[in-house]
Ligand code: NAD
C-alpha cells in the first residue's frame with residue numbers, strides 16, 4: 001500500500017504513528033494509499049522546526065522572499081498538469097476543474113510576489129515639531145493552516161504564499177482525504193529555494209489540529225472547512241491567544257428576476273450548481289426565481305440541460321466530463337440521504353441523480369445531478385449545506401421575499417442576482433447580508449488582490465483570506481514615534497556612512 005508521509009525541514013518524513021486514514025480514487029472507488037495521522041508529538045516537532053526557522057526567515061529581505069515565490073510560481077505553472085492529475089485522482093473533480101483550481105491558487109502566489117510593496121508600512125513626517133512617526137508590518141512567527149478536502153491546492157495557496165511572503169514560517173495540516181497535493185507543493189517550494197523548515201506539512205486529524213490550536217509557539221491559525229469545526233477552531237485557538245480566521249460552510253442562493261436573460265442564468269446555474277459535483281463553498285445550491293412564470297420557465301430549461309450533463313471521470317486528453325464523483329463513499333451516502341430527506345419533507349424531486357447510470361465506473365462514488373422544486377425555508381434541504389450535486393428551486397413571490405429568504409439564512413458566504421435592472425441589482429448589493437455578491441456572475445469569487453470571506457456563520461473572525469486582509473492577518477503593526485535631539489548632527493558629523 002502506497003504510504004503518504006509528512007514534510008518537515010525540507011524532507012519527506014515517514015510518520016511514526018500507528019494510525020492511518022485511507023485515501024481513495026473516487027472515480028474507481030479503490031483505495032490508492034494510506035496517509036499517516038500525526039501524533040501530538042510529531043505535530044509539536046513540526047511547530048518546533050517552524051519556530052526555530054522563524055528567526056532567520058523573518059530577517060530575509062522581502063525582495064528575496066518575493067524572488068523565491070516567483071520561482072515557485074514558475075514551477076507550479078510548469079507542473080500544472082501533474083498537479084491537476086494529482087488533485088483529480090484523490091478528490092475526483094474532473095481534470096479541467098482541477099486545472100482551474102491550480103490557476104486560482106497561482107493568482108494568490110502572484111499577489112504575494114508583490115510583498116515588497118504590500119509590506120511597506122506607513123510613514124508621517126513632522127507629526128510634532130521634529131517628530132516623525134512610522135508603522136512597520138512585522139511577521140507574527142509560526143502560522144498554521146488547516147484545509148478542507150474540496151480544494152487541496154487552492155485553499156492551502158490562499159494561506160501559505162502570503163504568510164511566507166510576510167516573513168512567517170508555516171505548518172500546514174491538509175485534509176486527510178486528499179493529502180498529496182500540498183506535499184507536492186512543499187517539494188516545489190524547496191525546489192524554488194525556500195530554506196528548509198520554513199514550510200512544513202503535517203498530515204493528521206483532530207490530534208494534530210489540537211496541538212496547532214493550543215501550542216503557545218503558534219501565533220495564528222487559518223482554517224477552512226465546515227461550520228461546526230470552524231466554530232470550535234475559532235473558540236479554542238482564540239482562547240489560547242491566537243489570531244484566527246475560520247471560514248465555514250455555505251448555502252448560496254441565486255435570485256433570478258423576471259427580466260433576467262434566462263438562457264444566461266440557466267447556463268450559469270448549471271456550472272455553479274453541478275461543477276465539481278457541488279463540492280464548492282461557492283456553489284449555488286438554491287435557485288430563487290421571482291414570480292411563477294419565471295419559475296416555470298427556469299425549471300423547464302434546467303431539466304433539459306440536466307439531461308445533457310456528462311457525468312464521469314476526469315479526462316486529461318480530449319473533451320472532459322462536466323462532473324466527476326464525490327470524494328468518498330461516506331459523503332456519497334450522505335448526499336443520497338439528503339435527497340431522500342427532501343422527498344420525505346414534501347419537496348418535489350424533479351430530477352433524481354440517484355437514478356443516473358454511469359457506465360464502466362459502477363464502483364466509483366458517482367451521483368447524477370438532482371433538482372428539487374417547491375422547496376420552502378424550514379426544510380432541511382434548504383437550511384443545511386448538502387455539498388453535493390443537488391440544486392433546489394425555492395420560489396419567491398417578489399424581490400423582497402427573495403431578499404428576506406437569503407437574509408434569514410444562517411449562512412452568508414456567496415450569492416448572486418440575475419437581472420437586466422441596474423436599480424434592482426444595486427439595491428440587492430446594498431441590502432443583502434452576504435460576504436460575496438455577484439451581479440449576473442454566478443460564482444463571485446474575488447480575485448487574489450481582493451479578499452475572500454463570507455458573513456454570518458460562514459466566517460468566524462474579522463479578517464478574510466488573501467488580498468489586503470491576508471497581509472493584515474499575517475502581520476502585526478508596530479508604530480514608532482521618534483524625535484532626535486537637536487545638535488546630534490554636530491556631534492556625529494565626523495562619522496562617515498559605510499559604502500557597499
Ligand atoms: P471539515 O470541517 O470536515 O474538515 C476541514 C479540516 O478540519 C480538515 O483538515 C479536517 O482534518 C479537520 N477536522 C475535521 N474534524 C475536526 C475536528 N473535530 N477537530 C479538528 N480538526 C478537524 O470540512 P471538509 O469536509 O473537509 O470540507 C468541506 C467543508 O468546507 C464544507 O462545509 C465547505 O463549505 C467548507 N468550505 C468552506 C470554504 C469557505 O471559503 N468558506 C471553502 C472551502 C470549503
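Bear in mind that the values in this text are calculations on the coordinates, not laboratory data. Keep in mind it's a predicted model, so treat the numbers as computed, not measured. Cβ placement follows ideal geometry from the backbone for every residue including glycine, while neighbour counts extend to all protein chains displayed.
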What ratio of Cα Rg to 2.2 N^0.38 Å holds for region 321-364?
1.28
The exposure ranking of 254, 447, 270, 379, fewest beta-carbon neighbours within 10 Å first, is 447, 379, 270, 254
With a 10 Å Cβ neighbour count serving as the proxy for reagent exposure, in which order, fewest first, do 113, 143 appear?
113, 143
Counted neighbours (other Cβ, 10 Å), sorted fewest up, put 107, 216 in the order 216, 107
Round to the nearest 10 and give me the degree value, 0 to 90, for the angle of helix 292-306's Cα axis relative to the longest principal axis of the chain.
80
Taking region 386-457, the whole-percent share of alpha-carbon pairs separated by over 20 angstrom is 31
Rounded to the nearest 10, the angle in degrees between the Cα long axis of helix 80-91 and the longest principal axis of the Cα atoms of the chain comes to 60
Report the relative contact order of region 404-458, percent, no decimals, based on alpha-carbon pairs under 8 angstrom and at least 6 residues apart.
46
Plugging the Kirkwood radius over Cα pairs into Stokes-Einstein for region 234-362, at a temperature of 25 °C and a viscosity of 0.890 mPa s, what D comes out in µm²/s?
143
Going by average Cβ neighbours within 10 Å, how do the peptides 276-287, 197-208, 345-356 rank, with the highest at the top?
276-287, 197-208, 345-356
Dividing the surface of the Cα convex hull of the chain by four yields a projected area in nm² of 27.3
Below 8 Å, C-alpha to C-alpha, sequence gap of six or more: please give me the relative contact order for region 237-391 in percent.
25
Expressed as a percent, the portion of alpha-carbon pairs in region 49-106 spaced more than 18 Å apart is 51
If packing is taken as the average count of other Cβ atoms within 10 Å, what order do 456-466, 385-395, 305-315 fall into, highest mean first?
385-395, 456-466, 305-315
Any idea what diffusion coefficient region 252-439 gets from Stokes-Einstein, in µm²/s, Kirkwood Rh on alpha carbon pairs, 4 °C, 1.567 mPa s?
78
Region 161-227 to region 340-391: how many Å between their Cα centroids?
35
Take region 38-167, compute every pairwise Cα distance, and split them into 5 Å bins from 0; I just need the percent in each bin.
2, 10, 15, 16, 16, 15, 12, 6, 3, 2, 2, 1, 0
Folded to 0 to 90 degrees: helix 180-191 orientation relative to the chain principal axis, Cα
30
Taking the convex hull of the Cα atoms, report for region 286-352 its projected area averaged over all directions, in nm².
6.1
By per-residue mean of other Cβ atoms within 10 Å, what is the highest-first order of 36-46, 126-136?
36-46, 126-136
Rounded to the nearest 500, what is the 222 nm mean residue ellipticity of the chain from helices alone, with -39500 (n - 2.57) per DSSP H run of 4+ residues and division by all residues?
-12000 deg cm²/dmol
In Å, what Kirkwood hydrodynamic radius results for region 169-309 from the alpha-carbon pair distances?
18.4
